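Q: One structure, pasted below without further comment.
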Amino acid sequence: MATQPVSQTHVSVEDYLSMKFEHDCEYIDGVIRERALGDFEHCFLQGFFCSIFFNHRSEWGIVSLPEQHIRITPSRYLIPDVTVVKAGLPREPRLTKPPLLVIEIQSPTDTLREVFLKSRDYLGFGITNIWVIDPKTRKAYYAKPDGLEDVTDGWLAVPETPIRVSLDELFAEMDRA
């Protein structure tokens, strides 16, 4: 999730959207920022979430999208590790409306402060369900306007939907990998 500037030169949105990158880059107010590359645990958890959502897509009425670009504002394009949208919505190359859920999985170089700051952008855009996973500490959080809230009951959930994921199962599967 942590990002490094690719260039300090101001780049227009049009140029950013037409560029090809070896690794996905986010666009923050004219600056292109390369996302931190995940380690094994990060990549495994990203795949785990996508497989859980894929396996329940009909039952839960959703589609999961790894590394989907989201236009937060005209000058900010962010890329969550996993994005979940309601099934049947019109497809967009870059989302322009708030998805049902975004998930950020911490990379080894990320700090919780960086994750929270990125979550504030998501919240400001209208995304109300933001899960933050820290594979190193085996903790999960819900991003809220006033900070990151510990998940204390062992389940990640999206209110008013059937979406629930067990943290015990999540980390047990990571251990078995």
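Q: Add -39500 (n - 2.57) for each DSSP H run of 4 or more in the chain, then divide by its residues: what number comes out at 222 nm, to the nearest 500 deg cm²/dmol?
A: It comes out at -8500 deg cm²/dmol, rounded to the nearest 500.
Q: Let me ask something else about it. Percent relative contact order of the chain, based on C-alpha pairs within less than 8 angstrom and at least six residues apart?
A: With pairs under 8 Å counted, the relative contact order is 17 percent.
Q: Starting from the amide H of Gly38, placed 1.01 Å from N in the peptide plane, find each other amide H under 5 Å away whose residue is 5 or more places distant or on another chain.
A: Amide H neighbours of Gly38: none.
Q: If you stretched the chain out fully between Ser18 and Ser51, how much longer would it get, using 0.36 nm times the residue separation minus the C-alpha to C-alpha distance?
A: Net length gain for the segment: 8.9 nm.
Q: Also, quick follow-up: Karplus couplings for the range 60-74 from phi (6.51 cos²θ - 1.76 cosθ + 1.60, θ = phi - 60°), rounded to Hz, Gly and Pro as x?
A: 9, x, 9, 9, 9, 9, x, 6, 7, 5, 10, 7, 6, 9, x
Q: What is the Cα coordinate range of the range 47-125 on the first, second and third principal axes, sorted by size from largest, in whole angstrom?
A: 35, 29, 18
Q: Enumerate by residue number the chymotrypsin sites (Phe, Trp or Tyr not before Pro) in the range 3-108 meeting two conditions: DSSP loop (anything except H, G, I, E, B), and at most 15 other Cβ atoms within 10 Å of the site's Cβ.
A: Sparse-neighbourhood loop chymotrypsin sites (Phe, Trp or Tyr not before Pro): Phe21.
Q: Between Lys136 and Asp39, what length in nm is gained on full extension when 0.36 nm per residue of separation is reduced by their alpha carbon distance?
A: Extending this stretch completely gives an extra 33.8 nm.
Q: What do you get for trypsin sites (Lys or Arg not before Pro) in the range 13-77 restricted to DSSP loop and a cutoff of at most 16 other Cβ within 10 Å of the site's Cβ?
A: Hits after loop and neighbour filter: Lys20.
Q: Go through the range 126-177 and name the GluC sites (Glu not before Pro) that are in a DSSP coil and have 13 or fewer other Cβ atoms within 10 Å of their Cβ.
A: Glu160
Rule-based calculations on the coordinates, nothing more; no lab input. If you're wondering where the values come from, they're calculated on a predicted model, not measured in any experiment. In this analysis, Cβ positions are derived from the backbone assuming ideal geometry, glycine residues included, and neighbour counts consider all displayed protein chains.
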